[in-house]
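The values are calculated or read from the model by the stated rules, or taken from the named source; none is laboratory data. Computed from a predicted model, the values in this text were never measured in an experiment. Positions of Cβ are backbone-derived with ideal geometry, glycine not excepted, and every protein chain shown enters the neighbour counts. Note: areas computed on protein heavy atoms with side chains; ligands, DNA, RNA excluded. Shrake-Rupley method; radii C 1.70, N 1.55, O 1.52, S 1.80 Å.
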Amino acid sequence: MNLREYIKERWLQFIMLLAVLTVVILFGVLVMIPNFYLLLVGVSFVSIWFAVWCTDYMRKRRFYRTVENHLAHLDQKYLLPELLECPGFLEGKFMYETLQEMAESMNWRVGEYRRKSDEYKEYIELWVHEVKLPIATGKMILENNRDSCSESLSEELDKIDDFAEQALFYARSNYVEKDYILKKLNLEELAREVIRKNKKALIGGKFSIDLHDLDVCVYSDSKWLAFILNQILANSIKYRKEDSAGIEWYAAAEKEKVILCMKDKGIGIPVMDAGRVFDKGFTGSNGRFGKKSTGIGLYLCRKLCEKMGHKIYLTSREGEGCEVFIEFPKGSMTGFLE
């Protein structure tokens, strides 16, 4: 709000003031009041109105400037009503009360949506835990009653188990800060555990496996990091080359970070897709043709890494495989001493 806008808004008041002043002076002239008194009345009249307008302008200008400054610097605009004080003029009070009512209504709706979201999250977690029981039972039945279809059915059950696990992590991804504990982990132990979990798929795909320089410790959550590594390995298995499948995992320790590199010899990622593979729901050309993809796995990997203070990125060329990197900060960057 500036002075020009204020005057423009009150042009009718200025016209009425001039009209009233003109009528008073004309009346004074007709009744032959001395010019000195007419001038005094005119100056007094204008001075009083000028003082009233200046006071009104300064009060409103201070309030609206405060609103503009808060809006310019607030990341969460909905907090504006909490920062304002009730002004001393009518329009400002109306605006202040309106904002307060809007904030109360919004808080109530946000609370309602949060409650529903929590209920849905709890249901998904319960459903995943419940569905894992018949999956495990099915695996046991297959182990005890092997036939020509057992291996194929076991692989399909493993896929169902992985998708159920992914649904559980997705449901928890917005609340991961309440569900993880950073502690010292050995990358080699965790990597071998993930490899063992996927040994059937790796053997079936005739993968060559090269794990080296992984005897390095980082600070992370074992459960969440295992899920991330499993998702990356699952992509290496899914997008492998039939004639030369292989993975190479290794780590490099630097001054302020440890970098875990996971390299495969798969079909690679087209240049036009490489920058978007971590976006939610993005499947790319590989996911649309020949390989079914939900576009959730790598999105979850990035989201969980960000929550835990890690950084994930990849490099790839079509037909030449893919390299995924995870950076783990250490030392002064985490507060943990080596």
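General observations
- Yes/no for GLU189 being open to solvent by 40 Å² or more (accessible area, probe 1.4 Å) and under 20 Å from LYS311 (Cα atoms): no
- Any chance GLU119 is out of contact with any Pro (no Cβ under 7 Å at 6 or more places or on another chain), within 30 Å of TYR57 (Cβ to Cβ) and open to solvent by 50 Å² or more (accessible area, probe 1.4 Å): no
- If the condition is being within 18 Å of PHE14 (Cβ to Cβ) and either of a type in the set (A, V, I, L, M) or in contact with a Ser or Thr (Cβ under 6 Å, 6 or more places away or on another chain) (or both), then the range 32-55 contributes VAL43, VAL46, ILE48, ALA51, VAL52.
- Near pairs, Cβ below 6 angstrom, 6+ apart or cross-chain, from the range 103-117 (under 17 Å from LEU84 (Cα atoms)) to any residue that is open to solvent by less than 100 Å² (accessible area, probe 1.4 Å): ALA103/PRO81
- Long-range neighbours under 7 Å by Cβ, at least six apart or interchain, first residue modelled with pLDDT under 80 within the range 71-86, second open to solvent by 90 Å² or more (accessible area, probe 1.4 Å): LEU71/LYS77
- If the condition is being in contact with a Lys or Arg (Cβ under 9 Å, 6 or more places away or on another chain), closer than 26 Å to LEU190 by Cβ and open to solvent by 50 Å² or more (accessible area, probe 1.4 Å), then the range 255-279 contributes LYS255, GLU256, LYS257, LYS265.
- Residue check, ASP118 within 30 Å of TYR170 (Cα to Cα), within 50 Å of the chain's Cα centre (by Cα) and not in a helix (DSSP H, G or I): no
- Pairs where the first residue, in the range 47-65, is free of Cβ contacts under 8 Å to residues at least 60 places away in the same chain and the second is part of a helix (DSSP H, G or I) and among the small types (Gly, Ala, Ser), C-beta under 7 Å, 6+ apart: LYS60/GLY92; PHE63/GLY92
- Evaluated against (1) under 29 Å from the mean Cα position of the chain (by Cα); (2) more than 18 Å from GLY309 (Cβ to Cβ); (3) surrounded by fewer than 18 Cβ atoms within 10 Å (Cβ to Cβ); (4) hydrophobic (A, V, I, L, M, F, W, C), LEU214 falls short on exactly one condition, (1).
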